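Working notes, beginning with the structure itself.
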Amino acid sequence: MTENRSYLARILDVLDLVVTAEAPISATGVAAAGGMPASTVFRLTALLAERGLIERLPSGLLAPGSHLVRLGLRAMTRAGGSAHLEAAVRHIAADISESISAGLLIGDEIVLVGRQEPDFALRIVAAVGDVVTPQTSAMGKAILAFLPPSRQLSVLAKAVGAEQAPELLNSLHDELLDIRECGFARDEERYAVGQRCRAVPLRHPSLGAYGALSAAGPTARFKYSDAEEAAGRLVEASHAILGADAQTVALA
């Protein structure tokens, strides 16, 4: 029993060291900080990575995993610890009366952190903590368009695999260029039949694109002109959000 508790304690220690590090950390750095043999740390980090609790970056360094982040977001939601993005989503939804979402780029995945449905919810429902596809959703493309090419590839590689990412990025080139020019992404029933969506990136002067806001609704109700007007409202909201919560931005 003592050995089991010691093993669990070491797993938690490794997880704590990776999560609280100011930047991605090496396994040897974790071993030095935790006073553990390197072989033990390599074994434990492999186990944690399998569960998505930590992530091994292409550089070999360790960072919090997407599953750990989703767990944290769900816990925050249940505990009522809503961030400024959730408040912004509710405020926008009161004006637009469609499904409003907020997502953050966490690691190489886009994770929903806020969602507000209208009285008549969409047929397709996404929940806080869900991962958004970068190559098919307006939210994903709004973020991709404002990332440097190397980061675009890593985000797409996470979604479809490293071999397919370059070709996929090339196929999105013209669309991403249009998004950069107009400042927001349009989706006309490509992500889901019968659904129209507009999304704007959340951009920080030093971090670049770190998230996005979106408005979506059924094409029968959410007319093209309504969607274009909603895009303008989302742009205004994105400007108001910038700098509102440095801790949330830092998740990117």
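Things to note:
- Residue in the stretch 79-89 that is in the same structural domain as residue 227 (by TED's automatic domain parsing), under 20 Å from the mean Cα position of the chain (by Cα) and modelled with pLDDT of 85 or more present: yes
- Any hit, the stretch 162-185, residues being at pLDDT below 95, loosely packed, with under 15 Cβ neighbours inside 10 Å, assigned by TED's automatic domain parsing to the domain that holds residue 143 and among the aliphatic types (A, V, I, L, M): yes
- The one condition in (1) closer than 25 Å to residue 59 by Cβ; (2) modelled with pLDDT of 90 or more; (3) of a type in the set (A, V, I, L, M, F, W, C); (4) assigned to a strand (DSSP E or B) that residue 102 fails to fulfil: (1)
- Cβ-Cβ distances below 8 Å connect the following pairs, each with a first residue in the stretch 20-37 that is modelled with pLDDT under 90, a second residue that is surrounded by fewer than 16 Cβ atoms within 10 Å (Cβ to Cβ), and a separation of six or more residues or different chains: 24/57; 24/59.
- Annotation: of all residues in the stretch 38-56 being among the polar types (S, T, N, Q) and touching a residue at least 24 places away in the same chain (Cβ under 8 Å), the one that is surrounded by the most Cβ atoms within 10 Å (Cβ to Cβ) is 45.
- Taking the criterion of being assigned to a strand (DSSP E or B) and in contact with a Pro (Cβ under 7 Å, 6 or more places away or on another chain), the only residue of the stretch 171-207 that qualifies is 195.
- If you go through the stretch 22-51 and keep only what is of a type in the set (Gly, Ala, Ser), in contact with a strand residue (DSSP E or B) (Cβ under 8 Å, 6 or more places away or on another chain) and outside any helix (DSSP H, G or I), you end up with just 26.
The values are calculated or read from the model by the stated rules, or taken from the named source; none is laboratory data. These numbers were taken from a predicted model, which means no experiment stands behind them. All Cβ positions, glycine included, derive from the backbone under ideal geometry; neighbour counts span all protein chains shown.
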